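Please treat every number below as a calculation from the coordinates, not as lab data. Since the model is a prediction, treat every value here as computed from it, not as a measurement. Positions of Cβ are backbone-derived with ideal geometry, glycine not excepted, and every protein chain shown enters the neighbour counts.
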Amino acid sequence: MSTSPNTGLGGTPIAEEAVRAARVLHPDANFMPRPTRRRVIGVANQKGGVGKTTSTVNLAAGLALHGVRTLVIDLDPQGNASTALDVDHRSGTPSVYELLLGEVSLVDAVQVSTQSENLLCVPATIDLAGAEIELVSMAQRESRLKEALTREALDALGVDYVFIDCPPSLGLLTVNALVAAHEVLIPIQCEYYALEGLGQLLNNIDLVQRHLNQALRVSTILLTMYDGRTKLADQVTQEVRRHFGDVVLKTIIPRSVKVSEAPGYGQTVLAYDPGSRGAMSYLDAAREVAERGSSRERRQ
């Protein structure tokens with residue numbers, strides 16, 4: 001007699017998902033390596049809907065759940081990263097807006113996510129929507145975030161990684177992220193027009209590198225929204241790998257309903273459905289990021 005796939009017995013889909021969930025939720029024997037030095041990574045792509053915020057929060061959560069203390073700076077006025085990390089971002093909450101204006105310190109603006117004590121967030125409130133206009137008249141307007149993310153402030157928080165979630169534009173907020181960051185991570189969706197506008201983003205990164213932040217470089221490209229049923233997804237994957245080589249992570253994030261649903265519940269997919277394909281893919285991507293960070297000095 002055949003075994004029903006829903007019985008929960010060994011070897012069934014439910015049992016396999018439970019094993020995968022245990023990998024995420026009980027990582028004691030599988031901690032990720034800390035980087036040789038703190039990494040500050042801007043996550044940028046001016047195209048919307050490419051998985052930028054989703055990738056930011058899930059990579060950060062994957063690292064944090066596996067022993068790496070991680071800070072997310074929500075620099076997108078929509079505040080979606082703050083929502084996914086379940087931190088307060090109502091108007092009036094100390095946030096990245098006050099941080100940019102110099103009204104609060106980094107320590108005062110940080111909150112701890114309910115999903116891990118190693119996962120910190122500086123939230124974005126609706127006040128951030130007008131920040132670009134206010135920043136225009138300020139001194140050192142491109143460097144406001146960098147001035148707030150001092151080594152002393154980050155040391156006080158004890159963080160190994162800082163992810164800056166940029167808005168889907170190339171305006172002053174994104175420039176602030178690129179000036180403050182050491183690296184750029186670009187999510188690219190495995191869909192039609194995937195590379196549209198990417199040249200403009202790379203040009204802007206080059207401009208920031210030449211004039212404002214010589215240390216900046218594109219260190220990581222993450223392929224997202226992969227649908228294995230289409231030839232197009234494979235074509236985009238091959239094209240991106242041909243253009244960018246080893247900068248592209250081996251892990252590819254599949255298109256997933258669970259990944260899309262999670263923010264609606266104020267969670268990352270690793271918390272919402274830790275046994276899902278989406279959660280395991282982001283966990284694998286986070287491990288790749290961690291392993292690259294731990295070996296960076298030895299390669300240089």
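Sequentially through segment 79-94, phi angles give Karplus couplings (6.51, -1.76, 1.60; θ = phi - 60°) of x, 5, 5, 4, 4, 5, 8, 6, 10, 5, 9, 6, 4, x, 6, x Hz, Gly and Pro residues having no value and appearing as x.
Helix 13-25 and the long axis of the chain differ in direction by around 30°, with both axes built from C-alpha atoms.
For the chain, a Gaussian network of Cα nodes joined below 10 Å ranks Thr174, Thr36, Thr251 by mean-square fluctuation, and the top entry is Thr36.
In this structure, the amide hydrogen of Ile188, modeled 1.01 Å from its nitrogen in the peptide plane, lies closer than 5 angstrom to those of Leu222, Leu223, Thr224, counting only residues at least 5 positions away or on a different chain. Which one of Pro263, Ala279, Gly293 has its Cα pushed farthest toward the positive end of the charge dipole of segment 250-300, where Lys and Arg give +1 and Asp and Glu give -1 at the Cβ? The residue sitting farthest along the positive end of the dipole is Gly293. Projecting the Cα atoms of Leu216, Ser82, Gly48 onto the charge dipole of the chain (Cβ charges, centred on the Cα centre) puts Leu216 farthest toward the positive pole. Each residue of segment 274-287 was assigned a 3J(HN,Hα) from its phi angle through the Karplus expression (A = 6.51, B = -1.76, C = 1.60, θ = phi - 60°), giving x, x, 6, 4, x, 5, 5, 5, 5, 5, 5, 5, 4, 5 Hz with x at Gly and Pro.
Given the DSSP H assignment, sum -39500 (n - 2.57) over each helix run of at least 4 residues in the chain and divide by its residue total; what's the result at 222 nm in deg cm²/dmol, nearest 500?
Details: 14 runs with 129 residues, N = 300.
The per-residue figure over the chain is -12000 deg cm²/dmol.
In this structure the amide hydrogen of Val122, modeled in the peptide plane, comes within under 5 Å of the amide hydrogens of Val72, Ile73, Asp74, Gln111, none closer than 5 places in sequence on its chain. Derived scalar couplings between HN and Hα for segment 206-213 equal 5, 4, 4, 4, 6, 10, 10, 7 Hz in order, rounded to whole Hz, by the Karplus curve 6.51 cos²θ - 1.76 cosθ + 1.60 (θ = phi - 60°), x for Gly and Pro.
Treating only the Cβ of Lys, Arg, Asp and Glu as charged (+1, +1, -1, -1), what charge dipole size does segment 157-294 show about its Cα centre? Round to the nearest 20 debye.
About 180 debye.
Using only alpha carbon pairs under 8 Å that are at least six residues apart, calculate the relative contact order of the chain and give it in whole percent. Let's see the in-between values first.
Numbers: 606 pairs, mean separation 77.5, N = 300.
Contact order relative to length: 26 percent.
The DSSP beta bridges internal to segment 107-265 are antiparallel in roughly 15% of cases.
Charges only on Cβ, +1 for Lys and Arg, -1 for Asp and Glu: so what's the dipole of the chain about the Cα centre, in debye to the nearest 20? Walk me through the numbers on the way to the answer.
On the way: 29 positive and 34 negative charges, 215 e Å.
Taking the Cα centre of the chain as origin, the dipole is about 1040 debye.
Note on the chain: antiparallel DSSP beta bridges, both residues inside, total approximately 5 percent of the bridges counted.
Look at the dipole of segment 86-224 built from charges on Cβ: of Val122, Ala153, Ala194, the Cα furthest out on the positive end belongs to Ala194. Simple spin-label estimate for Glu196 and Ala156 gives 4.5 nm between the two label positions (7 Å along the Cα-to-Cβ direction from each Cα). Straight-distance candidates among the lysines for linking to Lys258, with alpha-carbon spacing under 26 Å and chain neighbours fewer than 8 residues away dropped: Lys47, Lys52, Lys231, Lys250.
Note on the chain: with a GNM built from Cα contacts shorter than 10 Å, the maximum mean-square fluctuation among Tyr272, Tyr282, Tyr193 falls on Tyr193.
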